[in-house]
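This report refers to the structure that appears directly beneath it.
The values are calculated or read from the model by the stated rules, or taken from the named source; none is laboratory data. Because the structure is predicted, anything quoted here is derived from the model rather than measured. In this analysis, Cβ positions are derived from the backbone assuming ideal geometry, glycine residues included, and neighbour counts consider all displayed protein chains. Note: accessible area is taken over every heavy atom of the protein model, side chains too, but ligands, DNA and RNA are not part of it. Shrake-Rupley method; radii C 1.70, N 1.55, O 1.52, S 1.80 Å.
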Amino acid sequence: MAPLTFHLIFHTHWDREWHLPRAALHARLVSVLDDLLERLGDDPGFKSFLLDGQTVLLEDYARARPERAEEVRALVRAGRLQVGPWYVLADEQIPSGESLVRNLLIGAMDATGWGGRLGVLYSPDAFGHPECLPELARGTGIDAVVLWRGLGGAPGQQGDRFRWRGPSGAEVRLWHLPPSGYEIGVDLASESGSIEEAWAWVRGQLIARAAGREIPVFIGADHHAAPLDVSRLQEQLSEIERPNIVRVSRLDEFFAAAASEFREAPVLTGPLRSAPGYTWSLQGVHGTRAPLKRRMSLVELWLTRAAEPLAALARQRGCDYRPALAQAWRTLLQCQFHDTICGTTSDVVAREAAVRLDDAQTYADEVVRGAAFDLVGHDPDRAREQGVTQSPALVLWNPAPRARDGVVIADCTFFRRDVLVGPPGGRAPREGRGAQPFSLHGPDGVPIPLQVLDRRTGQERLDARRHYPDQDEVDRVRIALRAPPIPGFGTAILTPGAPQAARAEDAALVQARSLVNRHVVVTLDRTGALLLYDRASGARWLDVLRLESEGDAGDTYTFWPVARDRMVRSPGPIRVRRVAAGPLVAGLETRWRFSGGRGIGRKQGRVAVRMTVMLHADSPVVRCILDIDNQATDHRLRARIPTGSQRPAIVGTQFGHSLQSLAAVSDAGLPLEATPRTAPAHRYVAVPGESGGVAVFSPGFFEYERTGAGDLLVTLLRAVGTLSRSDLPGRPGHAAWPTDTPGAQCLGPTRVELAVASVPDGDALPGLWESVFVPVRGLWIRDAIGLTAPTGGVTLEGSGLVFSALKPVAGGGDGTVLRCFNPGDSRAAGAWRFADPVRSAHRARLDEGDPVPLVLEDHGRVVRFTVEPRETFTTVVRW
């Protein structure tokens with residue numbers, strides 16, 4: 001029999017921020033890497049070290065030690081320092097699919113710059129893994145994965161080698177870390193204790209699960225420096241193991257040696273989110289610090305569906321916004337580190353992450369502003385030099401690859417007077433008339449239906465590159481208008497004129513406590529919940545979005561209920577106010593409070609809620625904004641949507657959706673962790689019914705639960721005050737260093753955007769979500785002169801295909817990346833149509849590599865393709 005080969009994988013797992021702030025761990029990282037470089041230089045037997053799979057650590061190190069950058073590159077080029085493939089070790093279930101792709105793109109670019117990328121998708125500590133991970137790996141040239149949490153303990157999961165198959169059929173080799181994870185060999189490097197005893201335990205743990213004769217041994221732990229004498233440790237273990245082999249290896253060397261051992265390995269499918277009795281999966285993190293997660297999703301959406309497409313379209317006109325985009329992405333991704341975005345950090349880390357999200361938003365705002373101006377030919381300097389103060393236009397831009405019209409919300413400003421900044425001298429402020437009654441007209445001069453929603457006085461600053469800002473007092477007028485048809489990624493320019501009556505084709509109306517259009521009737525009941533009536537099918541749903549609060553005795557990692565602890569709505573009638581009367585937008589606002597509840601040491605606190613419900617004339621979707629002022633601690637607040645159905649739910653995932661059946665949950669015999677009732681979702685969850693289904697929509701990530709009766713529960717916030725507790729019945733033991741986290745109580749105001757709709761089937765879900773959270777955008781330019789409107793950009797054709805990205809190519813090359821996915825179970829034919837001809841088109845991987853030419857038709861204006869079931873399809877075009 002061939003000998004066993006033990007591959008010693010020396011590593012450190014480095015949480016960039018966690019219970020300590022980033023600055024503290026950065027200072028320690030510099031010391032640890034200084035020491036590592038010395039040991040790699042002094043010990044020729046120390047052949048390789050795994051730097052945790054994330055290149056951001058070298059970015060951090062080089063910021064403090066630029067003089068050692070070339071030394072690092074030499075070690076990476078020699079294969080002695082393994083870096084990448086990630087930029088940061090993100091949580092993999094909360095970010096969008098496009099964020100995970102950007103993470104791997106930036107990681108690959110950075111690793112290449114340092115000397116070479118590790119060809120293994122290493123994910124040692126993420127709290128579960130999405131079903132798209134095999135596609136992400138293969139789409140970036142990787143066919144091997146190492147992970148820990150979310151797998152193990154179930155029948156058929158006893159071994160350490162698997163083949164994990166994604167929804168499209170993409171498959172990776174997966175080596176599963178043992179129950180003690182990446183820390184299994186940390187005691188081998190200790191100077192105290194018996195090496196024989198330590199090795200006997202490690203060996204036993206690994207051999208018991210080994211499905212082959214090539215066995216990796218991970219030696220390292222959180223924030224641990226390299227062992228003092230690697231060669232001596234390797235020699236000691238080799239002596240103990242004779243005639244077996246013990247060697248220091250790279251992670252990819254293990255997979256190369258074990259290639260044949262994976263060929264008959266068991267096949268896994270679906271997400272990996274549970275490891276009963278094996279190790280903690282910690283799925284309670286999906287509701288922790290929910291306001292931070294919502295903020296991240298909004299920034300993510302703004303980047304992928306506004307900043308990137310506009311930058312790509314502006315690039316065709318010679319304007320390059322890629323540097324600002326790159327900064328926006330790096331800043332956002334640094335907020336997606338698994339502890340950070342999961343909320344399992346100290347309060348100072350959460351505050352710093354919130355600041356970084358603001359920075360990422362600001363970068364994206366600058367890209368959107370500049371690229372939109374370039375797209376329509378607006379020059380703020382020329383307007384300033386010509387003294388233009390009031391020559392307004394409303395630019396409508398369609399951020400979707402299909403023609404759209406319908407109701408659009410836009411903000412308009414009208415000049416009232418100058419606001420002088422600096423010593424006044426002899427300057428006299430200019431005066432204007434402010435807002436006067438007006439209508440909007442398209443190029444054909446026909447008035448467009450318009451509804452004024454709000455008017456107030458405020459400030460506006462007009463910026464230009466060659467002039468000081470122009471600060472003005474203005475009237476701000478929010479309007480709803482019925483936009484003309486706008487092609488995919490196209491624009492339309494509307495100009496204000498004398499007020500004229502314009503008749504709306506459809507209408508949304510307020511009738512007492514109800515909102516009505518031709519699709520639905522939605523009524524506010526006396527509890528503040530909604531009654532939804534679908535006029536086409538006759539289906540009704542009661543108590544929709546009823547808010548419920550229950551005590552939470554858990555910590556940032558794990559929810560744990562408090563028996564018979566509920567907060568209840570304060571008695572008395574709810575207050576209802578009309579906020580929009582129609583005919584384009586109808587809206588009602590209601591307010592109420594929760595009170596009561598005991599909690600664990602909970603101080604008596606209240607939760608005040610203001611819910612604004614809106615209905616557009618042309619849409620079946622009911623839009624809801626929940627403004628919550630949380631002054632209660634140790635509780636979980638959720639919104640219930642009764643479905644009346646126990647059919648499988650359609651749950652949005654990062655690149656598609658999955659069907660989730662109702663399943664009985666039992667915690668019997670689980671010593672490590674109770675089985676989570678909640679689950680992650682992206683964009684929507686829908687439950688079909690006898691006469692149609694009901695769906696709930698969110699801008700991005702959210703946590704939901706499906707009850708035994710079939711109801712949906714959406715988490716609005718979890719209020720907890722401790723990073724980790726050790727006394728939870730559902731998870732005995734500390735998951736982190738005990739730290740008070742009063743900020744995780746989420747006290748104060750937070751806003752939640754949701755939408756609900758009656759849906760005939762799952763095919764309608766992506767389009768309905770897009771209509772609410774990626775609407776036609778209105779950009780008001782108060783000093784507009786000489787604007788030109790590109791009539792169209794890019795259109796996606798193909799039944800069932802869902803748009804995912806339009807962006808500049810990665811790196812410094814010219815070209816545009818287009819991505820869509822097929823969430824269905826049948827092959828789909830698709831086509832991209834271009835207003836301006838392209839000179840080449842290639843199919844590519846997710847990382848834009850391995851291009852395969854596609855045939856162009858209609859003189860470069862059409863490229864056709866076929867997308868396999870559940871596949872993501874990337875096209876790179878050059879204009």
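Things worth noting here:
- Calculated diffusion of the stretch 53-128, Stokes-Einstein form, Kirkwood radius summed over Cα pairs, 37 °C and 0.692 mPa s, µm²/s: 259
- Full extension of the segment from residue 468 to residue 63, taken as 0.36 nm per residue of separation minus the current Cα-Cα distance, would add 142.4 nm.
- Phi angles across the stretch 675-691 convert, under the Karplus curve 6.51 cos²θ - 1.76 cosθ + 1.60 with θ = phi - 60°, into 3J(HN,Hα) values of 5, x, 8, 8, 8, x, 9, 10, 6, 7, 9, 10, 10, x, x, 4, 10 Hz, Gly and Pro given as x.
- With a Förster radius of 60 Å applied to the C-beta separation of residue 391 and residue 537, the computed FRET efficiency comes to 0.75.
- Overall form of the stretch 102-206 per C-alpha gyration tensor (a/c, 1.5; a/b vs b/c): oblate
- When only alpha carbons are used to place a centre, the stretch 213-230 and the stretch 509-532 end up 62 Å from one another.
- Over the stretch 364-495, relative contact order from alpha-carbon pairs under 8 Å, at least 6 apart, %: 38
- Residue 245 - accessible surface, heavy atoms, 1.4 Å probe, Å² rounded to 10: 80
- Looking at the stretch 343-430, the trypsin sites (Lys or Arg not before Pro) that sit in a DSSP loop and have at most 12 other Cβ atoms within 10 Å of their own Cβ are 427.
- Whole-number accessible area per residue in Å² for the stretch 827-874, which is evaluated in the context of all protein chains at 1.4 Å: 51
- Taking amide hydrogens as placed 1.01 Å from N in the peptide plane, the amide H of residue 277 sits under 5 Å from those of 672, 673, each at least 5 positions away in sequence or on another chain.
- Per-residue ³J(HN,Hα) for the stretch 646-662, Karplus 6.51 cos²θ - 1.76 cosθ + 1.60, θ = phi - 60°, Hz, x for Gly and Pro: 10, 6, x, 7, 9, 10, x, 10, 5, 10, x, 8, 9, 9, 10, 7, 5
- Once both labels are positioned 7 Å from their Cα atoms along Cα-to-Cβ, the gap between residue 878 and residue 707 label points is 5.9 nm.
- At R0 = 41 Å, FRET efficiency that the Cβ-Cβ distance of residue 158 and residue 320 yields, to 0.05: 0.15
- Each part reduced to its alpha carbon centroid, the stretch 275-297 and the stretch 833-870 end up 38 Å apart.
- In range of the label at residue 417: residues from the stretch 440-480 whose backbone nitrogen is under 12 Å from the point 7 Å along Cα→Cβ: 473-474
- Residue-by-residue Karplus 3J(HN,Hα) for the stretch 579-585, coefficients 6.51, -1.76, 1.60, Hz, glycine and proline x: 10, 8, 9, x, x, 8, 10
- Considering only beta bridges that DSSP places wholly inside the chain, some 85 percent are antiparallel.
- Remark on residue 402: its backbone amide H falls under 5 Å from those of 488, 489, 796, a criterion applied only to residues 5 or more positions apart or on other chains, H modelled at 1.01 Å from N.
- Estimated inter-spin distance, residue 74 and residue 242, nm [label 7 Å along Cα→Cβ]: 3.6
- Applying both filters, DSSP loop and at most 15 other Cβ atoms within 10 Å, to the GluC sites (Glu not before Pro) of the stretch 195-271 gives 264.
- Extension gain for residue 194-residue 814 works out to 217.2 nm (0.36 nm per residue, less the C-alpha to C-alpha distance).
- A DSSP coil position with no more than 14 other Cβ atoms inside 10 Å describes the following trypsin sites (Lys or Arg not before Pro) in the stretch 256-300: 263.
- Efficiency of FRET from Cβ geometry, residue 850 and residue 263, R₀ 22 Å, rounded to 0.05: 0.40
- Rounded percent of accessible protein surface that carbon and sulfur make up, the stretch 324-410, 1.4 Å probe: 49
- Cβ-based net charge around residue 822, under 11 Å, with every Lys or Arg adding one and every Asp or Glu removing one: -1
- Distant-in-sequence amide H partners of residue 18 (H built 1.01 Å from N, under 5 Å): 346
- Multiplying the residue separation of residue 799 and residue 608 by 0.36 nm and removing their Cα-Cα distance gives an extension gain of 64.3 nm.
- Rounded accessible area per residue of the stretch 548-587, 1.4 Å, Å²: 47
- Selection from 788, 862, 822 lying farthest towards where the dipole of the stretch 744-872 points positive, charges on Cβ: 788
- Given +1 at the Cβ of Lys and Arg, -1 at the Cβ of Asp and Glu and no other charges, the dipole of the chain around its Cα centre is 2860 debye to the nearest 20.
- Rounded to the nearest 500, the helix-only mean residue ellipticity at 222 nm of the chain stands at -6500 deg cm²/dmol, with each DSSP H run of n ≥ 4 adding -39,500 (n - 2.57).
- Average projected area [Cα convex hull, the chain], square nanometres: 39.2
- Shape call, the stretch 343-442: gyration tensor on alpha carbons, a/c limit 1.5: oblate
- Spin-label model distance (nm) - residue 351 vs residue 180, 7 Å beyond Cα toward Cβ: 3.9
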